[in-house]
Amino acid sequence: MYDNEVKAYDEEDRKDPPPTHPILFYGSSSIRMWTTLHRDFPGVPIINRAFGGSMLNECVELMDRLVLRYAPRAVVLYAGDNDLGLGRSVNDVITSYRDFMARFTRAFPGRPVAFMSIKPSKNRAHLRKEIEQVNAMVQAELKNWPNARYISIFEAMLDAQGIPRDEFFAEDLLHLSPAGYAVWRKQVEPFIDEMA
């Protein structure tokens, strides 16, 4: 299903070899569409290997081709949003998160993985309880994975009434606007500074 996107990354690597031990951004379309990463974190060896529409279990399935081959110094992971949107349970998402952590940790013991909390959005307001459950459960998992980090972007995208702010989203009220990515940059920056 994602073969064309993976092949496009292969071609990109042939034309412009990636940096050694990069900070790798991975996950679904909210990361794939973060086209200003290099401008947001200048001078940092970053590559983006996210693929659109992906679920966290699919991110695990493609780890060899899109994560492990780059031997990244750290990973920033955003996934789980589509899982819930497509009917996977909270426990399904957490199982996939554990699978991701186990595979990455076996390959690169001690190297950090930062999970970005699932964002709130009006498009998926009906899933807010499940989104909050996944976010809380990932935070609870940190004690099991010394190399795990958690980056909260959930609260930063809400207004004073706890509603997702329209200006942070594109017209579909799911993907991000430039203002939304500016919020993400601010929340992710401390982790990038630590890893750079």
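The table below lists the values:
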quantity	calculated
Where LEU174 falls short, out of the listed (1) surrounded by 13 or more Cβ atoms within 10 Å (Cβ to Cβ); (2) hydrophobic (A, V, I, L, M, F, W, C); (3) outside any loop (DSSP other than H, G, I, E, B)	(3)
Unmet requirement for ILE47, which otherwise passes all of (1) under 25 Å from HIS175 (Cβ atoms); (2) out of contact with any helix residue (DSSP H, G or I) (no Cβ under 7 Å at 6 or more places or on another chain); (3) without any contact (Cβ under 8 Å) to a residue 40 or more places away in the chain	(2)
Selection from the range 44-89 of residues that are part of a strand (DSSP E or B) and not β-branched (Val, Ile, Thr)	ASN48, ALA74, LEU77, TYR78
Residue that is more than 18 Å from CYS59 (Cβ to Cβ) and modelled with pLDDT under 95, where the choices are ALA179, ALA160, ALA196, ALA156	ALA196
Residue within the range 182-190 that is within 18 Å of ILE23 (Cβ to Cβ), without any contact (Cβ under 8 Å) to a residue 24 or more places away in the chain and either among the small types (Gly, Ala, Ser) or open to solvent by 40 Å² or more (accessible area, probe 1.4 Å) (or both) present	yes
Identity of the residue in the range 133-158, out of contact with any Ser or Thr (no Cβ under 6 Å at 6 or more places or on another chain), within 15 Å of ILE118 (Cβ to Cβ) and not in a helix (DSSP H, G or I), that ends up least open to solvent (accessible area, probe 1.4 Å)	ILE151
Subset tally (residues that are touching a residue at least 24 places away in the same chain (Cβ under 8 Å) and either in contact with an Asp or Glu (Cβ under 7 Å, 6 or more places away or on another chain) or charged (D, E, K, R) (or both)) for the range 149-181	3
Residues being among the small types (Gly, Ala, Ser) and either free of Cβ contacts under 8 Å to residues at least 40 places away in the same chain or open to solvent by 30 Å² or more (accessible area, probe 1.4 Å) (or both) - total across the range 79-132	8
Residue under evaluation ARG39, criteria (1) free of Cβ contacts under 8 Å to residues at least 40 places away in the same chain; (2) not in a helix (DSSP H, G or I), criterion not met	(2)
Of residues in the range 11-35 being open to solvent by less than 30 Å² (accessible area, probe 1.4 Å) and more than 11 Å from the chain's Cα centre (by Cα), the one farthest from SER117 (Cα to Cα)	ASP13
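The values are calculated or read from the model by the stated rules, or taken from the named source; none is laboratory data. Bear in mind the structure is a predicted one, so any value in this text is a computation, not a measurement. When we count neighbours, we look across all protein chains shown, and the Cβ atoms used for this are built from the backbone with ideal geometry, even at glycine. Keep in mind that these areas ignore ligands, DNA and RNA; they rest on the heavy atoms of the full protein, side chains included. Shrake-Rupley method; radii C 1.70, N 1.55, O 1.52, S 1.80 Å.
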